[in-house]
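Novice: Would you mind keeping the following structure in view while I ask a few things?
The values are calculated or read from the model by the stated rules, or taken from the named source; none is laboratory data. Bear in mind the structure is a predicted one, so any value in this text is a computation, not a measurement. All Cβ positions, even for glycine, are placed from backbone atoms using ideal geometry, and neighbour counts span all protein chains on display. Just the protein is used for accessible areas: all its heavy atoms, side chains included, with ligands, DNA and RNA removed. Shrake-Rupley method; radii C 1.70, N 1.55, O 1.52, S 1.80 Å.
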Amino acid sequence: MNHQMYEIVTLPARRVTGIAVRTSNAAPDCAQKIGDLWQRYLRGGVREALGAPARGVCYGLYTQYARDEMSYLAVVGCESDICPADCVTVEIPAGRYAKFTMTGQVMGAAVGDLWHQIWGIQLPRAYTVDWEEYVGVDAQGNGLVNLYIALADLCQSCGMPMTRPEDYGTEQDGRKSPEYCRYCRKDGAFVQDCTMEEMIEGCLAYAPEAYGDPDEARRQMRAYFPTLKRWNHG
């Protein structure tokens with residue numbers, strides 16, 4: 001098994017049709033439920049019903065997250081214009097994703113191990129659609145898998161991940177701001193008339209428990225904030 005650290009990619013939208021089940025990582029039958037989806041897709045006639053070739057690209061999707069209980073809808077399928085009665089179609093939104101790539105034995109436990117590593121990485125997740133893309137997998141389960149984690153928009157003033165509609169600020173015409181959070185933008189103007197250094201100190205004071213060592217957090221923020229639109233004067 002070979003895999004590499006992630007890269008940030010921007011992808012167009014796509015549609016995947018397949019079979020689905022609702023589960024959660026904490027459910028004792030989670031692995032069995034998802035495994036059964038793959039068995040039905042690969043050997044139960046679903047792939048053929050969707051018109052996918054034997055070694056065509058197939059997908060494992062995780063979407064419709066209920067974040068209070070961390071349940072989600074798991075979907076196994078392919079890109080298809082056919083949607084049989086027992087299938088669902090999921091729109092994967094365009095946007096930014098963290099992309100992990102693994103080659104070798106990619107079916108079964110190997111991808112589970114990669115997921116465990118991903119859970120240990122601090123990513124600003126959007127919780128829209130996360131997905132696995134299996135390419136050229138043979139009968140022994142060898143091939144390539146790309147795993148994509150949907151990334152949230154980051155406020156271009158304070159860096160806060162905006163993961164819910166109510167996290168976004170507003171522009172003068174009342175529409176949601178695509179770039180700034182509700183704490184930084186209201187009715188087309190910045191809520192705080194401040195310098196970058198004052199913004200950093202405000203963030204540290206607002207949620208000190210989120211930053212650990214304040215001196216190290218301050219150093220990292222001073223390096224990161226100039227990359228945000230509000231403070232990028234280059």
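Novice: If you plug each phi of the stretch 67-81 into the Karplus form 6.51 cos²θ - 1.76 cosθ + 1.60 with θ = phi - 60°, what whole-Hz ³J(HN,Hα) values come out, in order, with x for Gly and Pro?
Specialist: Values, residue by residue: 6, 5, 10, 6, 8, 7, 9, 9, 10, 10, x, 8, 7, 8, 8 Hz.
Novice: While we're on this one: Given R₀ = 25 Å, what would the calculated FRET efficiency be for Val88 paired with Gln39, taking r from the Cβ atoms and rounding to 0.05? Present the calculation step by step, with values, prior to reporting the outcome.
Specialist: Values: r = 18 Å, r/R0 = 0.71.
The value I calculate is 0.90.
Novice: Continuing with this model, one more query. If the cut-off is 18 Å between C-alpha atoms, which lysines fall inside it for Lys99, apart from same-chain ones fewer than 8 positions away?
Specialist: Within the straight-line limit of under 18 Å, Lys99 reaches no lysines at all.
Novice: Sort 128-140, 198-210 by packing, meaning the average of other beta carbons within 10 Å per residue, with the highest value first.
Specialist: The packing order, highest mean first, is 128-140, 198-210.
Novice: Can you bin the stretch 28-94 into rounded, prolate or oblate? Criterion: square roots of the alpha carbon gyration tensor eigenvalues sorted a ≥ b ≥ c, rounded for a/c under 1.5, prolate for a/b above b/c, oblate for the rest.
Specialist: On the way: a/c = 2.23, a/b = 1.43, b/c = 1.56.
Taking the square roots of the gyration eigenvalues as a ≥ b ≥ c, the stretch 28-94 is oblate.
Novice: Can you give the direction-averaged projected area of the convex hull of the alpha-carbon atoms in the chain, in nm²?
Specialist: Numbers: hull surface 61.7 nm².
Dividing the Cα hull surface by four gives the mean projection, 15.4 nm².
Novice: Only residues of the stretch 38-66 count here: report those whose backbone N is under 20 Å from the spot 7 Å along Cα→Cβ of Gln32, or say none.
Specialist: 38-44
Novice: Determine the distance separating the Cα centre of the stretch 158-228 from the Cα centre of the stretch 36-64; give it in Å without decimals.
Specialist: Rounded to whole Å, the Cα centres lie 42 Å apart.
Novice: Right, next: With unit charges on the beta carbon (Lys/Arg positive, Asp/Glu negative), name the residue among Leu50, Gln192, Met5 whose Cα is farthest towards the positive pole of the charge dipole of the chain.
Specialist: Leu50
Novice: Show which lysines lie in cross-link reach of Lys176 when reach means a straight Cα distance below 20 angstrom and same-chain residues fewer than eight apart are skipped.
Specialist: Lys186, Lys229
Novice: With +1 on each Lys and Arg Cβ and -1 on each Asp and Glu Cβ, how big is the dipole of the chain about its Cα centre, in debye rounded to the nearest 20?
Specialist: On the way: 23 positive and 30 negative charges, 84 e Å.
Magnitude of the dipole: close to 400 debye.
Novice: Using a 7 Å offset from the Cα along the Cα-to-Cβ direction at both Ala189 and Ile8, what is the distance between the two label points in nm, to one decimal?
Specialist: In this crude label model, Ala189 to Ile8 measures out at 3.1 nm.
Novice: List every residue whose amide H lies under 5 Å from the amide H of Gln156, counting only residues 5 or more places away in sequence or on a different chain, with H placed 1.01 Å from N in the peptide plane.
Specialist: Residues meeting the criterion, in which the H sits 1.01 Å from N, are Tyr180, Cys181.
Novice: Same structure again: Express the relative contact order of the stretch 25-119 as a whole percentage, based on alpha carbon pairs under 8 Å and six or more residues apart in sequence.
Specialist: Details: 56 pairs, mean separation 20.6, N = 95.
Relative CO of the stretch 25-119 lands at 22 percent.
Novice: Leaving ligands, DNA and RNA out of it, report the carbon-plus-sulfur percent of the accessible area of the chain at a 1.4 Å probe. Could the numbers behind the result be given before it?
Specialist: Numbers: 6610 of 12660 Å².
Accessible surface attributable to carbon and sulfur in the chain totals 52 percent.
Novice: Which value, in Å², gives the accessible area per residue of the chain when a 1.4 Å probe is used on the protein heavy atoms? List each step's numbers first, then the result.
Specialist: Values: 12660 Å² over 234 residues.
Accessible area per residue: 54 Å².
Novice: When only Cα pairs under 8 Å and 6 or more residues apart are kept, what is the percent relative contact order across the chain?
Specialist: Values: 424 pairs, mean separation 42.4, N = 234.
Averaging sequence separation for qualifying contacts and normalising by length gives 18 percent for the chain.
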